[in-house]
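First up is the structure itself, then whatever we jot down about it.
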Amino acid sequence: MDCQPNQPLILVVDDDRSMRSLLNLAMTEEGYGVVEAKDGEQCLSEYMHHQPDMVLLDAVMPGLDGFTCCQRLRSLPGGDRIPILMITVLDDQESVDRAFAVGATDYVTKPIYWAVLSQRVRRLLAAAQALTQAEQATQQLQRLQQWDALFAEILQRLGKSTPVLTLLDFTVAKLRVQLEVERVILYTLGDQSIVESVAPGYPSVLELSLADPGLEEDYKTVYQQGQIVAIEDIEQEHIEQTELSEEAIAQLTPLKTKAVLIVPLISHGQRLGELCVHQCITPRHWDQPTIERLTNLSNLLAIALFMNTNST
């Protein structure tokens with residue numbers, strides 16, 4: 001298989017080697033990447049390994065036939081949305097009904113009319129892509145609405161003069177869920193206090209009594225300049241040692257942290273602490289929208305801390 005980036009990948013499944021070769025050639029000439037399987041069991045294996053964009057599936061094969069294979073494909077991760085085009089010599093209504101009953105998206109019959117196959121593959125891929133884009137847009141809108149709701153709640157609590165510790169507890173708990181991370185810490189410089197929300201099963205900064213939870217030794221100057229620290233892969237950073245010191249890594253290792261994002265809290269030119277986000281399951285790319293929203297959120301929290309500091 002030789003598939004270029006952004007090139008749709010087609011899984012061709014047929015027990016007839018000649019037919020597989022013809023289908024491979026037809027799809028390759030259309031500009032698609034192709035991976036082959038000679039039976040239903042191999043189809044399931046190749047699907048899990050390659051995660052193709054579409055499956056061309058022969059209905060009649062020895063062993064695990066196309067109908068049963070299609071049904072099992074639909075139960076695999078992502079299999080509920082992938083286009084499956086059944087290819088069969090059976091042109092009777094019963095076979096057509098059975099194909100759709102087990103989850104086929106569409107079907108063609110042998111002998112294959114190659115122009116028809118080409119059009120159907122193109123149409124099904126376009127429909128699948130449109131559905132994916134619509135789902136992504138919906139998810140993005142939902143995330144934006146969740147952020148808006150969080151900002152509105154914080155502003156409302158600020159307006160009601162909610163005790164600052166209560167506000168911080170609420171925010172870190174909501175933020176951990178919002179970002180789908182394992183730990184969020186808010187570290188304040190004045191009294192060197194820590195407010196933390198941590199997922200069950202993960203160690204707490206408070207329990208470990210770490211000497212430098214905000215990584216002050218490494219990034220004090222960076223924080224003072226209002227800059228954000230975003231480390232996507234702590235383990236790789238440990239190997240390369242391009243940014244984190246051994247001391248900083250020693251602080252993060254007991255916490256099982258794989259990626260960290262730290263935003264300084266600054267109000268009226270005064271640095272008041274840091275908001276630290278830890279992902280522990282896998283490394284993570286911190287995208288720009290997330291960084292911008294955390295920056296805006298940190299500005300709100302910094303105002304709350306500044307008001308609390310100057311009212312006591």
For the chain, what is the mean residue ellipticity at 222 nm derived from helices alone (per DSSP H run of n ≥ 4: -39500 (n - 2.57); sum divided by total residues; nearest 500 deg cm²/dmol)? -16000 deg cm²/dmol
So for the pair Leu25, Ser161, with labels modelled 7 Å out along Cα→Cβ, what separation do we get in nm? 8.3 nm
Pick from Leu22, Leu158, Leu144: which residue has the top mean-square fluctuation in a GNM of the chain where Cα pairs under 10 Å get a spring? Leu22
Between 0 and 90°, nearest 10: helix 40-50 axis offset from the chain longest Cα axis: 30 degrees
As I understand it, the dipole of the chain uses +1 on the Cβ of Lys and Arg and -1 on the Cβ of Asp and Glu, about the Cα centre. Which of Thr221, Gly40, Thr162 lies farthest toward its positive end? Thr162
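From the square roots a ≥ b ≥ c of the eigenvalues of the alpha-carbon gyration tensor of the chain, which class results: rounded (a/c under 1.5), prolate (a/b over b/c), or oblate?
Prolate, since a/c reaches 1.5 and a/b exceeds b/c.
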Is the C-alpha gyration tensor of the stretch 1-94 telling us rounded, prolate or oblate? Criteria: a/c under 1.5 is rounded; beyond that, a/b larger than b/c is prolate, otherwise oblate. oblate
Please work out the FRET efficiency for the pair Phe100 and Gln142, using the Cβ-Cβ distance as r and a Förster radius of 30 Å; give the result to the nearest 0.05. 0.45
Two pseudo-spin positions, 7 Å from Cα along C-beta at Leu206 and at Ala173, lie apart in nanometres by 1.2 nm
Quick one: work out the % antiparallel among DSSP beta bridges in the chain, nearest 5. 60 percent
Checking rank on 193-199, 285-291, with mean other Cβ inside 10 Å and highest first, the result is 193-199, 285-291
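What FRET efficiency do you get for Gln71 and Gln7 if R0 is 22 Å and r is their Cβ-Cβ distance, rounded to the nearest 0.05? Let's see the in-between values first.
Working: r = 28 Å, r/R0 = 1.28.
Step by step, r from the Cβ atoms, then E = 0.20.
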Distance in Å, no decimals, from the C-alpha centre of the stretch 266-284 to the one of the stretch 61-128 is 50 Å
Quick check for me: using +1 on Lys/Arg Cβ and -1 on Asp/Glu Cβ, what's the dipole size of the stretch 9-133 about its Cα centre, in debye to the nearest 20? 320 debye
Peptides ranked, highest mean first, by Cβ atoms within 10 Å: ranges 216-225, 269-278: 269-278, 216-225
I need the peptides 296-302, 24-30 ranked by packing, meaning the mean over residues of other C-beta atoms within 10 angstrom, with the highest value on top. 296-302, 24-30
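Where a number appears in this text, it was derived from the coordinates with a stated rule and is not lab data. In this text the structure is predicted, and so the values were computed from the model without any measurement. For neighbour counting, all protein chains shown are included, and Cβ atoms are generated from backbone atoms with ideal geometry for every residue, glycine included.
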